[in-house]
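Q: Provided herewith is a single structure, encoded as structure tokens, for subsequent inquiry.
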Protein chains: 2
Amino acid sequence: MTKTAGTKKTSARPEPNAARETRVVGKPVPKVDGLSLATGRAKFTADEIPPHCLVGMLLLSPHAHAKIKSIDTSEAEKLPGVRAILHHGNVPRIAHTTAGQGFPEPSPWDTFMFDNKVRYVGDRVAAVAAETRDIALQALKLIRVEYEPLPAVFDFEEALKPGAPIIHDEPDITSFLPFDPKRNLAAWAKADVGDIEKGLAEADVVVEGEFETHYYAHAPIEPHVTLTYLDPDGRLVIRTSTQVPFHCRRIVAQTLGIPVRQIRVIKPRLGGGFGGKQEILLEDVCAMLTLRTGRPVLMELNRAQEFTSSRTRHPMRMWAKMGVKKNGEVTAIDFRGILNTGAYGSHGLTVLTNVGSKCLGLLRCPNVRFDGKTVYTNLPVGGAYRGYGATQGMMALGQLIDEAARAIGMDPVEFCLRNHIRAGETHPIFRALGEGREGVDMTIASCGLAECIRLGAERFGWKQRRGKGASMPGPIKRGAGMVILMQGSSIPEIDMAAAIVKLNDDGSVNLYSGATDLGTGADTILAQIVAETLHIPVSDVILTVADTDNSPFDTGAYASSTTYLSGEAARRAAVDLLENMRQVAAEALDVSPEKLDVGEKCFYVHGNPRKTISYEALARRALYSRNQQQLVGHASAISHVSPPPFAAHFCEVEVDTETGVVRVVKYVAAVDCGVPINPKLAEGQTEGAVLNSIGAALMEEYLFNDDGRMLNPTFNYYKLFTPGETPLVETILVPTHEPTGPYGAKSVSEISTNGPLPAIANAIYDAVGVRLRKAPYTPERVLEALEAKRKAEHS
Amino acid sequence: MTKTAGTKKTSARPEPNAARETRVVGKPVPKVDGLSLATGRAKFTADEIPPHCLVGMLLLSPHAHAKIKSIDTSEAEKLPGVRAILHHGNVPRIAHTTAGQGFPEPSPWDTFMFDNKVRYVGDRVAAVAAETRDIALQALKLIRVEYEPLPAVFDFEEALKPGAPIIHDEPDITSFLPFDPKRNLAAWAKADVGDIEKGLAEADVVVEGEFETHYYAHAPIEPHVTLTYLDPDGRLVIRTSTQVPFHCRRIVAQTLGIPVRQIRVIKPRLGGGFGGKQEILLEDVCAMLTLRTGRPVLMELNRAQEFTSSRTRHPMRMWAKMGVKKNGEVTAIDFRGILNTGAYGSHGLTVLTNVGSKCLGLLRCPNVRFDGKTVYTNLPVGGAYRGYGATQGMMALGQLIDEAARAIGMDPVEFCLRNHIRAGETHPIFRALGEGREGVDMTIASCGLAECIRLGAERFGWKQRRGKGASMPGPIKRGAGMVILMQGSSIPEIDMAAAIVKLNDDGSVNLYSGATDLGTGADTILAQIVAETLHIPVSDVILTVADTDNSPFDTGAYASSTTYLSGEAARRAAVDLLENMRQVAAEALDVSPEKLDVGEKCFYVHGNPRKTISYEALARRALYSRNQQQLVGHASAISHVSPPPFAAHFCEVEVDTETGVVRVVKYVAAVDCGVPINPKLAEGQTEGAVLNSIGAALMEEYLFNDDGRMLNPTFNYYKLFTPGETPLVETILVPTHEPTGPYGAKSVSEISTNGPLPAIANAIYDAVGVRLRKAPYTPERVLEALEAKRKAEHS
């Protein structure tokens, strides 16, 4: 059950700069791909397999750390039906990096198609293409790999110690980061704003703690899957479940050593990404198998491989300290952390900086210090994951806020209302940590956080639900927690989107966009924006999306940028088309263009609605009749800001003090995502994000044995919540109007991922008085904490 | 063996307005689809059949003229595997017309998906979709049709007589033509320029004759074939062998009563069109079968159906008269003709007007009269066919010129040189016959005809080869004939083309064009033009062509418009992109844009070639780095003129006076197509056109029985020349520079179709002194003419 505080119309506090009345934007129109998805007709990557397609499979490392002394493929090659075998000895050694190419997006600079070393259990060793799955499996078994096992390191802090096994000792990897391979240091980010010592000294109370988040998975319904083949002209087609088709094109071109023009990347329907499909995990190998064989090749990660060999949430160990005065003023935040990126760098730098900039800037505080390190370990590889560092950082900071408020006897709601950043303000930490590209202004233009806190608390029943734990009879205690959140919308001056729109005979339009709908509804959002701008129904927008041959460039679906940037590009392209259409309409109606108003699929003369021309008549005139032309609009969009959405989450839990089981019984997420282009989709994104992180907070966790092997890479032993096990998430959309966003929109998809870890921890504390600083909050950890508390009370 | 008088470089007479030195244009670069075609990898319509595709088949009329009293499909429906049956009783009756919709292209205004009457043997009666071909065939046999046969009419002149059976008596067909169904008159075109009677009176000699051309076929290697299916969103996809994808979309939308936005038309590789694939012959029925069944449906005409039930060359009976003075001056041309359009109007009006405007304007002559009628008969339907009326008209006029020259004792070469229209001139007949849309200026801007005549005569050895027939010993006589020709390049103010170009990371571009390559090489021409304009290799142009969803609008491949208009649109779009690129280059190099010169894939500062930026660097800057944007260019092109290409054809024949067999032994075609964008393709077009019409002149002919049934609808009995039976056609490209065409180009594909019929007839006359006024010039007709001549000489 989700409820909306209202779109713009019903807003409790209409923004002064609210947009004009909208027809399509702000309305819960059905997903444009809803019917095809619901009927099973939608085509995912593996739904269109060409004839004579080979099966590609990976041989993965059984060792956490080893040198590959030799690979003997002779027996495998003899197996009838084996068509190609790839390994480090027969492919180019070109890093998956973009360093030095003018594009700073953190594609892994230390990853090769195959290497002569394996760095974690699940690392790529070789690949086979064969006529059938069975032959491929058999061939994998026939490849003889001689390993020289090396000592491995798994712990954050151990990895940094002198004498630790060095995971990346290769001299030839291109680096643009200040990392030190001799210490397994993959990245380092520091910022020092104000005077932290002075701030701590000024505080009446200082709260502090060590916090730790864990390994968990994106777990998309559709694992990584790639189909590659040669088109009739010999160009390489990569049909793949990716969030970044254009980056895929570029990186594969570079890795395989073929020109960009020889590659076409098609993104079909996607069964979820959540950040996990932002890297090139299969495409390079699959493409190479196609080049070697001339045949189509399909590769899929199975579920176990999806756990071990794709990407995960970066675990983080954090030491955080906050100084507050008795009046609630925050005087200092000191934040140290080590991010575990596993065996490869992946997004290790930018996730790290995001920990600081998306969390530490949330509160007004003049003295802030951030010291973050990213380390290599011989474990699975962290990557982009919805929330992107803010999830980890808020797990600590969200609890610290609760602790600080409690320490001075203030309601956390009051504490948050007092301290949160406001519209018109900025925080020096933004610039200090990576949003600092020239020209970027990180002043907050829209902020509905106060409203989120108030409306959320009211809907949740904060006053009534909080602080009841101690007084409840029986073993089951209830408690309430809350947290405030902030994210961004795009990476300023880096992300880019473009759109082209053309007008058809009947007044419908084709929209060409490189935006990548992962299942989020982005295509619907784009169609709504174009329909709104052109005054046409959504059904009149025909989408060609995310095909590098037929879509304009787009950096892809990440950094909460799709609605904000790709949507803005679509809006501008539609405006461009509309103005071109207006010229034709003016000519047809024999008036000057500025005298024309826009009606539903028509122009009419201002004040004279009977003097009108329909889009259809206009299109036919343009295409068939007078001064013939194909009416087109196109535009690009970049951002100079990354306007944060804000949210306040409220959570009630039940803690069974006998079993340690925690159940979330109520969850309210109040979100300011600017104007929600589609409230239903915004609610869906919020619900999905919250449920994702409730699972992470309570259940989901990679378990490793002492050799770094994941013990539970199946949905039997790595449990996801199923319907019925989860609370109904109530979403309140608190509309603001973001002046830089299309129709006032900001992002919505990531922010709510960051709430459950701290909100649940705070609620547990409220219920039973124990603070869980290590996630997930499993029954074992809860019981342990209760036991420790009991002991402390009785000692 | 084809030879080129030279591209621009080697031109005997360089045009004063010759374009700049070109790198790619004017060069015989290989076809961009050559490799895929040669290796069999290219995908034609039927090369990608989706699973569960049904087979669609047509039931065709066995009667030349009949009412359908009833259709009983009950037995057929009971047959397992039959999925749908269509006939006039269960489909909408909406004409395939565009009348009244602002688009005058002559789509047939009298054709329905199915009608309650059949008008020729081969007319559509019903269609079946079934699981297999066998079931479909069986179902066709089970459909019981009760016909009421009606008297039929087959002859041109009989059809016009009072009391003739009326073929179109339906009251509800929309007409925008001055036709009179009561007389089977489908169209009528008249023009009267100067004073014809005065002109004839001034003449020293008047020559005249009745001429007749015949039914013959386009005979593309790939017959009409259409595949329709619903995409995952329920939109109708029509994959079809068509010359007019956008018209197909519009007409099917209208015929089926669904919106244009619900339809996507894809033109794959095509196995030839020659004008025959310019109408909707299968697409409407196939699409309706898909809508009825929800299933993919494939329909193909078999070879017999391709002969009888697609489109043919309109036969024409002509009465022409020419007055000349002894000095060679032409004082009058009087031209009457009746065009037989068969059972449906098809292109009957525009082919008719083209007879006049493309032939009668070729000679300087102040007094010209044209009186043309198009009649319905109960025979197969004439349609667009390469040459489009000019072929028929020149069969008569080309012979009349020869007769007139002979009558005054002048060499036809001299006669043509004296009388042909020149650059800077126009002819009132152009405007009088349909090129007369407002704003159209039909002044000839470029004319290399004199050069064509001189170079052609020289290469051919005109002086040596002519007039030898009488003096040759034995039964085999040789003779030489020539003819001059003119065609157009596009329909002014009607045809339209557009193009969009986008720049990729590596400096390559995607070109989006609706131009329709039928096998002609149009895609290569477009790629060359874009490559030339942008200073990139042809391989850097990635084409998305002729897909109504992904290409901008284009009226299609007809009227010799593709190079001229679609090429010009591509050129302009490339210029637009180049100028946008220049801005970025200027910013990067910190100079003003006008200081930049363009080099191979780079800009450099004028006079300082070391200060340079490659397209790749520029693209990466634009996409990834500074003021990010997708660089795009787009443009539309229409024509205000239809610049004629010109040609002079020279032909030597051997006539076996004992058997009547005529063999072409030498053929030289000298063609002014402006600057040939690709000389190899221009030569190929010329050779193909000449061979096509040599076949038509000597062998190809529909034979009908008395009931209007075609007797020879197979390649066994309708003989096409095969390699070894045809002479080598020598092509001379005589370059001029057409100022309105892209890089100086005019059209080339149609004009040479018009040469062989008159040139061969003239050569036969030269060899044996008989004039064949009825085509084809079969052994029977030759012998008959020789016998008549003998009789006349001995009487």
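The values are calculated or read from the model by the stated rules, or taken from the named source; none is laboratory data. The shown structure was predicted, so the numbers you read here are calculated from the model rather than taken from an experiment. Ideal geometry is used to build each Cβ from the backbone, glycine not excepted, and the neighbour counts take in all protein chains shown. Quick note on the areas: whole protein, heavy atoms, side chains included, nothing else; ligands and nucleic acids left out. Shrake-Rupley method; radii C 1.70, N 1.55, O 1.52, S 1.80 Å.
Q: Please compute one quarter of the surface area of the Cα convex hull for segment B:341-487 and express it in square nanometres.
A: Mean shadow area of the hull around the Cα atoms is 11.6 nm².
Q: Let me ask you something else. For the rotation that superimposes chain A on chain B, which residue of A has the C-beta lying nearest to the axis, and at what distance in Å?
A: Closest Cβ to the A-to-B rotation axis, residue and whole-Å distance: A:ASN550, 2.
Q: Of the peptides A:197-205, A:509-517, how do they stack up when ordered by the mean number of other Cβ atoms within 10 Å, highest first?
A: Packing order, densest peptide first, comes out as A:509-517, A:197-205.
Q: Quick one: 3J(HN,Hα) in Hz for segment A:338-353, Karplus 6.51/-1.76/1.60 with θ = phi - 60°, rounded, Gly and Pro as x.
A: Values per residue, Gly and Pro as x: 10, 9, 9, 8, x, 7, 9, x, 6, 8, x, 6, 6, 5, 4, 5 Hz.
Q: Now for a separate question. Going highest first, how would you order A:117-124, A:260-267 by mean Cβ packing within 10 Å?
A: Going by the mean number of other Cβ atoms within 10 Å, highest first, we get A:117-124, A:260-267.
Q: Still on this structure: Between B:SER74 and B:GLU170, what is the FRET efficiency for a Förster distance of 25 Å, r being their Cβ-Cβ separation, to the nearest 0.05? Could the numbers behind the result be given before it?
A: Values: r = 27 Å, r/R0 = 1.09.
Approximately 0.35, to the nearest 0.05.
Q: Still on this structure, I have one more. Zone of A:THR293 (label point 7 Å along Cα→Cβ, backbone N under 17 Å): which residues in segment A:125-148?
A: Counting only backbone N, you get A:126-143.
Q: Rank-order B:221-234, A:82-95, B:305-318, B:594-607 by packing density, defined as the average count of other C-beta atoms within 10 Å over each peptide's residues, highest first. Provide the component values of the computation, followed by the final result.
A: On the way: B:221-234: 20.4, A:82-95: 18.6, B:305-318: 24.6, B:594-607: 15.9.
My ranking of the peptides, most packed first, is B:305-318, B:221-234, A:82-95, B:594-607.
Q: If you find the alpha carbon centre of segment B:359-406 and of segment B:320-347, how far apart are they in angstrom?
A: Going from one Cα centre to the other spans 5 Å.
Q: In addition: Over all residues in B:619-625, what is the mean tally of Cβ atoms on other chains that come within 10 Å of each residue's Cβ? Write out the running numbers ahead of the final one.
A: Working: counts 2, 5, 1, 3, 11, 11, 7.
So the per-residue partner count for this stretch is 6.
Q: Just want to confirm a number: the relative contact order over chain A, from Cα pairs under 8 angstrom separated by 6+ residues, in percent.
A: Values: 2101 pairs, mean separation 130.1, N = 795.
Once divided by the residue count of chain A, the mean separation gives 16 percent.
Q: Got the A:ASP707 label distances to the other copies yet, label 7 Å along Cα→Cβ, in nm, shortest first?
A: 8.5
Q: Explain nothing, just compute: Karplus ³J(HN,Hα) = 6.51 cos²θ - 1.76 cosθ + 1.60, θ = phi - 60°, for every residue of segment A:500-509 in order, whole Hz, x for Gly and Pro.
A: The phi angles translate into 10, 10, 10, 8, 9, 2, 9, x, 7, 10 Hz.
Q: If all Cα-Cα distances of the protein assembly as shown are sorted into 20 Å bins from 0 onward, what percent lands in each bin, rounded to whole numbers?
A: In order of increasing distance, the bins hold 9, 31, 31, 19, 9, 2, 0, 0 percent.
Q: Average partner chain C-beta neighbours within 10 Å, per residue of A:552-561?
A: For this peptide, the per-residue mean of nearby foreign Cβ atoms is 3.
Q: Relative to the compact globular guide of 2.2 N^0.38 Å, what is the alpha carbon radius of gyration of chain B, as a ratio?
A: Cα Rg divided by the expected 2.2 N^0.38 Å: 0.97.
Q: OK, next. Which pairs break 19 Å Cα to Cα here: A:LYS477/A:LYS789; A:LYS468/A:LYS791; A:LYS463/A:LYS666; B:LYS161/B:LYS321?
A: Where the Cα-Cα span goes over 19 Å, the pairs concerned are A:LYS468/A:LYS791; B:LYS161/B:LYS321.
Q: Compute and list, largest first, the equivalent-ellipsoid semi-axes of segment B:541-628 from the alpha carbon gyration tensor, each √(5λ) rounded to a whole angstrom.
A: Three semi-axes, in Å: 32, 16, 10.
Q: Now for a separate question. Provide a whole-number value for the mean count of partner chain Cβ atoms within 10 Å of the Cβ atoms in peptide B:502-511.
A: Numbers: counts 9, 2, 10, 12, 8, 3, 4, 1, 7, 0.
Mean number of neighbouring Cβ atoms from other chains: 6.
Q: Any idea what log10 I(q)/I(0) is at q = 0.24 Å⁻¹ for segment B:682-795, Debye with uniform C-alpha scatterers and no solvent?
A: -1.32
Q: Same structure again: Taking the label point as lying 7 angstrom from Cα along the Cα-to-Cβ axis, what are the distances from A:PRO739 to the corresponding position in the remaining copies, in ascending order and in nanometres?
A: 5.3
Q: If you plug each phi of segment B:157-164 into the Karplus form 6.51 cos²θ - 1.76 cosθ + 1.60 with θ = phi - 60°, what whole-Hz ³J(HN,Hα) values come out, in order, with x for Gly and Pro?
A: Coupling constants for segment B:157-164: 7, 4, 4, 8, 6, x, x, 5 Hz.
Q: Under the rule of -39500 (n - 2.57) per DSSP H run of 4 or more residues, summed and divided by the residues of chain B, what mean residue ellipticity at 222 nm is obtained, to the nearest 500 deg cm²/dmol?
A: Computed ellipticity for chain B at 222 nm equals -8000 deg cm²/dmol.
Q: Taking the label point as lying 7 angstrom from Cα along the Cα-to-Cβ axis, what are the distances from B:ARG292 to the corresponding position in the remaining copies, in ascending order and in nanometres?
A: 5.2
Q: Another question, then. For the pairing of chain A with chain B, what total accessible surface becomes buried, with a 1.4 angstrom probe, in square angstrom to the nearest 100?
A: What A and B bury together is about 4600 Å².
Q: A further question on this structure: Which entries in the list B:LYS67/B:LYS373; A:LYS78/A:LYS182; B:LYS31/B:LYS277; A:LYS67/A:LYS141; A:LYS117/A:LYS141; A:LYS31/B:LYS601 go over 31 Å, if you measure between the two C-alpha atoms of each?
A: In this structure, A:LYS78/A:LYS182; A:LYS31/B:LYS601 exceed 31 Å between Cα atoms.
Q: Sort largest first and round to whole Å: the equivalent ellipsoid semi-axes of segment A:669-716, each the square root of five times a Cα gyration tensor eigenvalue.
A: Working through the eigenvalues yields semi-axes of 35, 10, 9 Å.
Q: Pull up all non-local amide H partners of A:GLN629: gap of 5 or more, or a different chain, and H-to-H distance under 5 Å with H placed in the peptide plane.
A: The list, which skips near neighbours in sequence, is A:LEU623.
Q: Provide the solvent-accessible area of A:LEU349, counting protein heavy atoms only and rolling a 1.4 Å probe, rounded to the nearest 10 Å².
A: Result for A:LEU349: roughly 40 Å² accessible.
Q: Now for a separate question. Keeping every protein chain present and rolling a 1.4 Å probe, give me the accessible area per residue for the protein assembly as shown in Å². Intermediate results must be reported in sequence, preceding the final value.
A: Details: 52070 Å² over 1590 residues.
So the protein assembly as shown comes to 33 Å² accessible per residue, rounded to a whole number.
Q: Using amide H atoms built in the peptide plane, which far-off residues or other-chain residues are under 5 Å from A:PHE704 H to H?
A: Those qualifying (amide H under 5 Å, at least 5 residues apart or on another chain) are A:LEU711.
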